[in-house]
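Derivation of every value follows stated rules applied to the coordinates shown; laboratory data play no part. Computed from a prediction, not measured in an experiment: that's the story for all the values here. Here the Cβ is made from the backbone with ideal geometry for all residues, glycine too, and neighbour counts use every protein chain on show.
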Amino acid sequence: RKEVEQDPGPFNVPEGATVAFNCTYSNSASQSFFWYRQDCRKEPKLLMSVYSSGNEDGRFTAQLNRASQYISLLIRDSKLSDSATYLCVVNKRTGNQFYFGTGTSLTVIP
Amino acid sequence: DVKVTQSSRYLVKRTGEKVFLECVQDMDHENMFWYRQDPGLGLRLIYFSYDVKMKEKGDIPEGYSVSREKKERFSLILESASTNQTSMYLCASSSAWGTASNYGYTFGSGTRLTVV
């Protein structure tokens, strides 16, 4: 079983739509969770950390469900510029190493 | 602004060549990492380092070695390049002092290596 699993998509949504991605992780001892964004042929960049109580940054909302071992990312009012691959990232039990999901591809259509 | 710099954006090498990929960070980070990224496989950890002259194998170290002689520089070495090492190579760094838990990694812009 993979450490982090994501639906690869692709998700094709119209501008203004709300879209949600889920990600499951296998290590119940994981403590740190992130969503990264990766544009085509570019490096991954941190989008937001995911906190236990859930957190919001503008149009983006991240949630963590420890009992079911999944995290989610909700994007409201999608923009064309949101088109990218979204990577779910979870830390290993020890140290500052992280597991990366293979990414979910989003295309926002005009 | 925090920065991780990889020396080459694109590289083409021949099978059997020794290849050096360089990574420099200016954030005084203790931790540095080398990943490769392939379609459908995501990012896979090759090697990492928590301190100068220290190195640890990641998940796929075979065919690679690393060098960390200075805190800011972490080099990935392909001893004898093969076609299955054609990939995007990403260097990353993070602080050792807990902030990785909040901020994760900072990545370099990547080196797309093609071995022919």
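In loop segments of the range A:1-62 as defined by DSSP, the GluC sites (Glu not before Pro) with at most 12 further C-beta atoms inside 10 Å of their C-beta are A:Glu15. Name the aspartates and glutamates eligible as straight-distance cross-link partners of A:Lys2: C-alpha to C-alpha under 15 Å, and not fewer than 8 places from it in the same chain. Partners within reach: B:Asp59.
Rank these for me by crowding, A:Ile109, B:Ile77, A:Ile71, going from fewest to most other beta carbons within 10 Å. Before the final figure, lay out each step's value.
Values: A:Ile109 11, B:Ile77 15, A:Ile71 27.
Going from least to most buried by this count: A:Ile109, B:Ile77, A:Ile71.
Inter-chain neighbour count for B:104-111: the average number of beta-carbon atoms from partner chains within 10 Å of each residue's beta-carbon is 6.
Hey, got the average number of other protein chain Cβ atoms within 10 angstrom for residues in A:41-50?
Mean number of neighbouring Cβ atoms from other chains: 5.
Below 22 Å, Cα to Cα, which lysines can B:Lys55 reach? Residues fewer than 8 away in the same chain don't count. Excluding near neighbours in sequence, the set is A:Lys92, B:Lys3, B:Lys18, B:Lys70, B:Lys71. The Kirkwood radius of chain A, taken over pairs of alpha-carbon atoms, gives through the Stokes-Einstein law at 4 °C and 1.567 mPa s a diffusion coefficient of 93 µm² s⁻¹. In plain terms, the chain from B:Val116 to B:Tyr50 could stretch by 20.5 nm, reckoned as 0.36 nm per residue minus the Cα-Cα distance. Both radii are taken from the alpha-carbon atoms of the protein assembly as shown; with Rh as the Kirkwood radius, Rg/Rh is 0.97.
Shown here for the range A:58-109: trypsin sites (Lys or Arg not before Pro) in loop regions (DSSP other than H, G, I, E, B) with at most 14 other Cβ atoms within 10 Å, namely A:Arg59, A:Arg66, A:Arg76, A:Lys79, A:Arg93.
Considered as an equivalent ellipsoid built on the Cα gyration tensor, the range A:50-98 has semi-axes of 23, 14, 9 Å, the largest given first. Listed by chain and number, the lysines whose C-alpha is less than 21 Å from the C-alpha of A:Lys79, apart from same-chain residues fewer than 8 away, are A:Lys42, A:Lys45.
Loop only per DSSP, at most 15 neighbouring Cβ atoms within 10 Å: give me the chymotrypsin sites (Phe, Trp or Tyr not before Pro) in the range A:25-110, ordered by residue number.
Details: sites: A:Tyr25, A:Phe33, A:Phe34, A:Trp35, A:Tyr36, A:Tyr51, A:Phe60, A:Tyr70, A:Tyr86, A:Phe98, A:Tyr99, A:Phe100; in loops: A:Tyr51.
Answer in residue order: A:Tyr51.
With both labels modelled 7 Å from their Cα along Cα-to-Cβ, the B:Asp28 to A:Asn22 distance reads 4.5 nm.
Across the residues of A:98-106, average count of Cβ atoms on other protein chains within 10 Å? Present the calculation step by step, with values, prior to reporting the outcome.
Working: counts 9, 5, 7, 2, 7, 5, 0, 0, 0.
Mean partner-chain Cβ count within 10 Å for A:98-106: 4.
Calculate the tail of P(r) for the range A:1-45: the fraction of all Cα-Cα distances greater than 16 Å, expressed in %. List each step's numbers first, then the result.
Working: 568 of 990 pairs.
Tail fraction, whole percent: 57.
For A:Asp39 and A:Asn12 in the same chain, what is the full-extension length gain: residue separation times 0.36 nm, less their Cα-Cα distance, in nm?
Length gained between A:Asp39 and A:Asn12: 8.2 nm.
What FRET efficiency comes out for B:Leu41 versus A:Ser52 if R0 is 41 angstrom and r is the Cβ-Cβ distance? Round to the nearest 0.05. Walk me through the numbers on the way to the answer.
On the way: r = 30 Å, r/R0 = 0.73.
Calculated transfer efficiency: 0.85.
For the range B:42-90, the calculated P(r) over all alpha carbon pairs, in 5 Å bins from 0 to the bin holding the longest distance, is 5, 20, 31, 25, 14, 6, 0 percent.
Phi-derived couplings, Karplus 6.51 cos²θ - 1.76 cosθ + 1.60 at θ = phi - 60°, listed residue by residue for the range A:2-15: 5, 5, 9, 10, 10, 6, x, x, x, 9, 10, 10, x, 3 Hz, with x used for Gly and Pro. For B:Glu17, the residues whose amide H sits under 5 Å from its own are B:Ala81, ignoring neighbours fewer than 5 places away on the same chain, with H placed 1.01 Å from N. The Rg/Rh ratio for the range B:3-87 is 0.95, where Rg is the radius of gyration of the alpha carbons and Rh is the Kirkwood radius.
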